[in-house]
Amino acid sequence: MLIEINFDGIIGPSHNYAGLSHGNLAATRNRGETSFPRAAALQGVAKMRANLALGLAQGIFLPHARPDHRWLASLGTRFEDAPPHSQAQALSASPMWAANAATVSPAPDAADGTCHLSVANLVTMPHRSHEWPETLAQLRLAFADPAFTVHAPVPAPFGDEGAANHMRLAASHEAPGVEVFVYGISGGPFPARQHPDASAAVARKHRLERVLFVQQSEEAIAAGAFHNDVVAVANGPVLFAHELAFAGKDRFYADLRTMLPQVEIVEVPAAQVSLADAIKSYLFNAQLVTLPSGEMALVLPGEARDTPSVWRWLQEHVAGNGPIRRLEVVDVRQSMANGGGPACLRLRVVCDPATVDPRFLVDEGKLDRIARVIEAHWPEAIPFDSIADPALIARVEAARRVLLETLEIPELL
Ligand code: SUG
């Protein structure tokens, strides 16, 4: 039985605000702020609990070893001697944003009947470019069953940012789907992170039969939508998108309707919610999920409720007869301040849960154990000027070790 499992990246103990992502307005705005890793990670756990309470299956990915000494060694330095920008890049807790871990194609879409996962290379941003080796190690552990095919990343310089630029539309999770790859060509002053050749390579490697390639609008990237999942999200037959998300939208919608006649496109007009409000509130960086009842819910960040135009649109939609029947608001403020909303924090995998290494699946009891480790070991606060403090580094390294020991995943130590 195939179901959708959301794997959330546990927010690591080095979570900080170094402003490393050009084009990500929240991260840039909050550069230099004090971060609160313990509160951040507990917010992540609370979001997972909210998903469990909705009757959804939940998985986890683990924080990576930070600082990344292997990466610094490849740059010919040690953390203590590295220049400040390299220290910050080596210390980022960015693997929390699991939507950028990989692109996932469920088995019904692939010619060989396995679920394919391609780890993302994330080459556009230095602090993210060194995530993939450890992500790959985790994917190879979690999805070692022959039901899965796990691929190494597409080579540089073709930037690939994983599921954040990929949408799957299907009558249901277990039905064959249409996979939509959204790439960027130009983003005005900001980098376009997803290269079309990377999207094409992933689609070929996944042996997909029904695929669309769509360009992200330059306007959206320039307004701060550094990933497509900041302006669009799909689930089952529903595409929920901002009016200005895509270049060549009419063609895209027409192709989609031909390939999946039951598709339902819910478009939010710019006249009702500006691109700026959509990006500030992360309306589309919500988890659009199918509940056990068959209805769809939208798991939104608190910022969506705080943005009047967005909340008004949502209230009207839910009062009408649109596909989103329920709104669930979560507090992920610490991640949001780095530009990561509820959907960034998770990677969706449609599979039979019996084929997943159970150490990567969670229930309430396991989340209690994880929360206890976070409460006891995650730093409470990281003032930006102390990110290289040796005592902090020792604490960050010890905290991760305790978590991996608690979860009995020694392979990643
Ligand atoms: O890549 N922020 C991440 C946010 C990723 C959000 N993911 C999705 N949209 N799926 C990024 O820009 C900021 C880290 C810093 O500046 O220290 C950062 O990497």
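The values are calculated or read from the model by the stated rules, or taken from the named source; none is laboratory data. Being a predicted model, the structure only gives us computed values, none of them experimental. Note that we place each Cβ from the backbone using ideal geometry, even for glycine, and neighbour counts take in every protein chain shown. Please note that ligands, DNA and RNA were not included when accessible areas were found on the heavy atoms of the full protein model with its side chains. Shrake-Rupley method; radii C 1.70, N 1.55, O 1.52, S 1.80 Å.
Contact order normalised by length for the chain, with contacts defined as Cα pairs under 8 Å and 6 or more residues apart; what percent is it?
Normalised by residue count, the contact order of the chain is 23 percent.
In square angstrom, what is the accessible area per residue of the chain with a 1.4 angstrom probe?
Counting only protein heavy atoms, the per-residue value for the chain is 36 Å².
Using modelled backbone amide H atoms (1.01 Å from N, in-plane), which distant-in-sequence or interchain residues come within less than 5 Å of Ile265's amide H?
Leu239
Which one, Met96, Met296, Met48, has the greatest fluctuation when you compute a Gaussian network model over the chain with C-alpha springs under 10 angstrom?
Evaluated over the chain, the most mobile residue of the options is Met296.
How large is the convex hull of the C-alpha atoms of the chain per residue, in Å³?
124
Report the gain in length on full extension from Glu405 to Ala270: 0.36 nm times residue separation, minus Cα-Cα distance, nm rounded to one decimal.
Taking Glu405 through Ala270 to full extension adds about 43.7 nm, to one decimal.
Round to the nearest 0.05 the FRET efficiency obtained for Asp385 and Leu75 when R0 = 25 Å and r is the Cβ-Cβ distance.
0.65
From the phi angles alone, apply the Karplus equation (6.51, -1.76, 1.60; θ = phi - 60°) to the stretch 46-54 and give each ³J(HN,Hα) in whole Hz, x where the residue is Gly or Pro.
4, 4, 5, 4, 4, 5, 4, 5, 7
Pull up all non-local amide H partners of Asn16: gap of 5 or more, or a different chain, and H-to-H distance under 5 Å with H placed in the peptide plane.
Ala93
Would you mind counting up the charge near Leu413? Only other residues with Cβ under 15 Å from its Cβ, with Lys and Arg at +1 and Asp and Glu at -1.
-1
Given all pairs of different Cα atoms, what value in angstroms does the Kirkwood hydrodynamic radius of the stretch 104-243 take?
Here the Kirkwood hydrodynamic radius works out to 15.3 Å.
Only Cα pairs under 8 Å and at least 6 apart count here; give the relative contact order of the stretch 181-263 as a rounded whole percent.
Computed value for the stretch 181-263: 29 percent relative contact order.
With a/c under 1.5 counting as rounded, go ahead and sort the stretch 52-169 into rounded, prolate or oblate using the C-alpha gyration tensor (a ≥ b ≥ c being the square roots of the eigenvalues; past the cut-off, prolate if a/b is larger than b/c, else oblate).
It is prolate, given that a/c is not under 1.5 and a/b is the larger ratio.
Could you tell me the extents of the stretch 120-173's C-alpha atoms along the three principal axes, largest first, rounded to whole Å?
Extents along the principal axes: 37, 26, 16 Å.
Within straight cross-link reach of Lys366, meaning Cα distance under 25 Å, which lysines are found once same-chain residues fewer than 8 apart are removed?
Lys47
Across the stretch 231-238, in residue order, what do the Karplus-derived ³J(HN,Hα) couplings come to in whole Hz, using 6.51 cos²θ - 1.76 cosθ + 1.60 with θ = phi - 60° and x for Gly and Pro?
These are the phi-based 3J(HN,Hα) values: 10, 7, 8, 10, 7, x, x, 9 Hz.
So if I take the centroid of the Cα atoms in the stretch 44-77 and the same for the stretch 266-310, what is the distance between those two points in Å?
Taking the Cα centre of each part, the stretch 44-77 and the stretch 266-310 sit 24 Å apart.
In the stretch 248-356, if every C-alpha pair distance is counted and binned at 5 Å from zero, what percent goes to each bin?
Per 5 Å bin, starting at 0, the Cα pair percentages come out as 2, 11, 17, 20, 21, 17, 9, 3, 1, 0.
Residue by residue, what Karplus-based ³J(HN,Hα) values in Hz, rounded to whole numbers, does the stretch 207-213 have, using 6.51, -1.76 and 1.60 with θ = phi - 60° and x for Gly and Pro?
After applying 6.51 cos²θ - 1.76 cosθ + 1.60, I find 6, 7, 9, 10, 9, 10, 10 Hz.
Could you give P(r) for the stretch 161-312, binned at 10 Å from zero, as whole percent values over all Cα-Cα pairs?
Spelled out bin by bin, the stretch 161-312 gives 11, 41, 37, 10, 0 percent.
With 12 Å as the cut-off, how large is the P(r) tail for the stretch 240-283, expressed as percent of Cα-Cα pairs?
Distances greater than 12 Å cover 64 percent of the Cα pairs.
Wrap a convex hull around the Cα atoms of the stretch 67-132, take a quarter of its surface area, and give that in square nanometres.
The directionally averaged projection comes out at 5.3 nm².
Counting only residues 5 or more places away or on other chains, whose amide H sits under 5 Å from the amide H of Val123 once H atoms are built in the peptide plane?
When sequence neighbours closer than 5 places are left aside, the close amide H contacts are Asp160.
Rounded, prolate or oblate: pick one for the stretch 7-70, where a ≥ b ≥ c are the square roots of the eigenvalues of its C-alpha gyration tensor, a/c under 1.5 means rounded, and failing that, prolate if a/b is larger than b/c, else oblate.
prolate
Two-decimal Rg/Rh of the stretch 351-395 from alpha-carbon positions, Kirkwood Rh?
Over the Cα atoms of the stretch 351-395, Rg/Rh equals 1.21.
Using alpha carbons only, how many angstrom separate the centre of the stretch 389-409 from the centre of the stretch 125-164?
23
If a paramagnetic tag sat 7 Å from the Cα of Arg305 along the Cα-Cβ line, which residues of the stretch 23-50 would have the backbone N under 20 Å from that point?
Residues 39-50 fall inside that zone.
Go through 116-126, 34-44, 335-345 and give me the packing order, highest mean Cβ count within 10 Å leading.
335-345, 116-126, 34-44
Could you tell me what % of all Cα pairs in the stretch 319-413 have separations over 21 Å?
57
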